[in-house]
Structures are given as C-alpha cells and as structure tokens.
Amino acid sequence: MLVKNRIHRIAALFQAIAAAAVLAIALPGIQARAAHSLPDTSFTQVPGSDIWTSPQVSAQEAYNDTVYWLLTPQNVRDRLLNDNVRIYLISKKDETLTAGILASIGDSRIGVGGLTTHPVYNRYIYQSTGALAYVTRKSDGMIEIQTDLPGTTVADSLRLLHEIGHYCDSAAGGATGTLLAISSTPEWKNYYNTYASQILRTSTYSAVPNLYSASECWADAFKLAYAAPASLQAISPDLYNYVTAQVAAIPSVGPGTER
C-alpha cells in the first residue's frame, strides 16, 4: 500500500509538471533563465572538457560525468564547444536548481535533475521527469546537472548523456532549422513504436510510462548507445546502427558558429 500511494504521489507530481509545460508553451515571450544563480567565477573547468563544477561537487561525481563526456562522440563534443554550450555540474550542497518558468507557477514541489538549452533555435528545453517546455531564449545554451543528491532521491546516474542526447536531437537540424530533428522523423517514430517498451525498461521513466515520448526515448537510446551499447544492440542491432549513424552525421560545427 505504501508503494502504491508513493507511485500515485509521483504520478500526480509528474502530471503537474506536464501541466506546467503546457502553460509555458502558451507564453512564447518569456525569456528563460538558467536554473542556477551561482556566478561563473564559482565554477572550475574540468581540464580537457566542457564541464564546469561548482565548489562542492564531489570528486566521484566529477569523475563520472567526465567519463560520460569522454564517451560522447568527438563530433558531438566539438559541436557543444562550437555552439558555446557549457555543461554545469551544480552540487546540491552549493545550490538547488530551480526552473524559473515553473517556479512562477508556484509549485515548489518540482525538482530539477537536468536541463538542456539549445542556443541554435533560441529555445529553452526544460527536462525533468518527462516534461518539455519551450520559450524564447537570447543567450548561449547550457546543460545543467544537479549532483550530490541525497540518497532518498532517485536520479538517473547517466542523466548527462541523456541530456546530451536531447541536445543532439536539435543540433542535427541546424542546417534546416528543425527542432527535435531526429525524434520527430517518421523513421524514429517507427523505431519508437517498435522498441519504446524495451527502452523504457532501462529508463527512470518506467515509473510513469504515460509520460514517455519519442524525444525522451531518443535521449535514452542515445544514452544506451554510448554508455551501454551491448544493451541497445540486444534490443535491436538495427536500432543501434540507426542511432549511431544519426549522431555521426551531426556536423561538428553548426551554421553560423564557425570559429
């Protein structure tokens, strides 16, 4: 009974997040802000990476996410750098991430585990437990990851790769101006319809399958392709080949960002 009640509470929270996302879409003129307020001078760059850590990020968290960064294909790492997208690791001990667009609605229960901002389209993508909200943004993008979470908090340890997967989904459409350029295609929809249930079993979204979407499935497939390729190949070798081919086709330099 306790487990059942907890699931109901989680489902209600996720539905609240989804409702907030709808409100955000209806407010196209809002400028999104970063989920953290720590100044850049508080962060230290991990050598040889695009990762910046707040003062109390644990050595283990920094190490793990650096490994995930290195697992990301070189062309994607180059594209993140060329698009001037910073990856911020923010320890819960330093600051609790908050999404202004949702805070303005007044639901203090909503927590932020990861956010991705795509600079190419001036769109802000809020990603927490399945909800996406799009509003205009006027600055370069970023990926923000809350680290050093308490043991009672359930979080995907590979959420950085999941967020980079979201980034790739739009970076792939830079030349044509297509947002969510991979996950919105008929080809991916076919893969989604065929394999989503199997990918979902590997995802934290398995608790609330009604909130799973083609874009979330893409981000999870990306995560598996580079962190656990054998797992994705076991689901479907063709699916694995499709994901890695789409990622390999992403130019390392986006339109208008040549240095």
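Scanning the range 166-192 for residues that are in contact with a Leu (Cβ under 7 Å, 6 or more places away or on another chain) and among the small types (Gly, Ala, Ser), which turns out modelled with the highest pLDDT? In this case the residue turns out to be Ser170.
So that you can scan it fast, the table gives a plain yes or no per residue for (1) crowded, with 17+ Cβ neighbours inside 10 Å; (2) under 18 Å from Pro251 (Cα atoms); (3) not polar (S, T, N, Q):
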{"residue": "Ser42", "(1), (2), (3)": "no, no, no"}
{"residue": "Pro47", "(1), (2), (3)": "no, no, yes"}
{"residue": "Trp52", "(1), (2), (3)": "yes, no, yes"}
{"residue": "Val57", "(1), (2), (3)": "yes, no, yes"}
{"residue": "Thr66", "(1), (2), (3)": "yes, no, no"}
{"residue": "Thr72", "(1), (2), (3)": "yes, yes, no"}
{"residue": "Val76", "(1), (2), (3)": "yes, yes, yes"}
{"residue": "Arg79", "(1), (2), (3)": "yes, yes, yes"}
{"residue": "Asp83", "(1), (2), (3)": "yes, yes, yes"}
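Quick grid of which residues meet (1) modelled with pLDDT of 85 or more; (2) of a type in the set (A, V, I, L, M, F, W, C):
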{"site": "His8", "(1), (2)": "no, no"}
{"site": "Leu23", "(1), (2)": "no, yes"}
{"site": "Ser37", "(1), (2)": "yes, no"}
{"site": "Glu61", "(1), (2)": "yes, no"}
{"site": "Leu70", "(1), (2)": "yes, yes"}
{"site": "Gln74", "(1), (2)": "yes, no"}
{"site": "Asn84", "(1), (2)": "no, no"}
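Residues of the range 144-165 that are at pLDDT below 85 and in contact with a helix residue (DSSP H, G or I) (Cβ under 6 Å, 6 or more places away or on another chain): Asp156 alone.
The values are calculated or read from the model by the stated rules, or taken from the named source; none is laboratory data. Quick caveat, the model's predicted, so the values are computed rather than measured. A quick note on method: Cβ atoms are made from the backbone with ideal geometry, for glycine too, and the neighbour counts reach across all protein chains shown.
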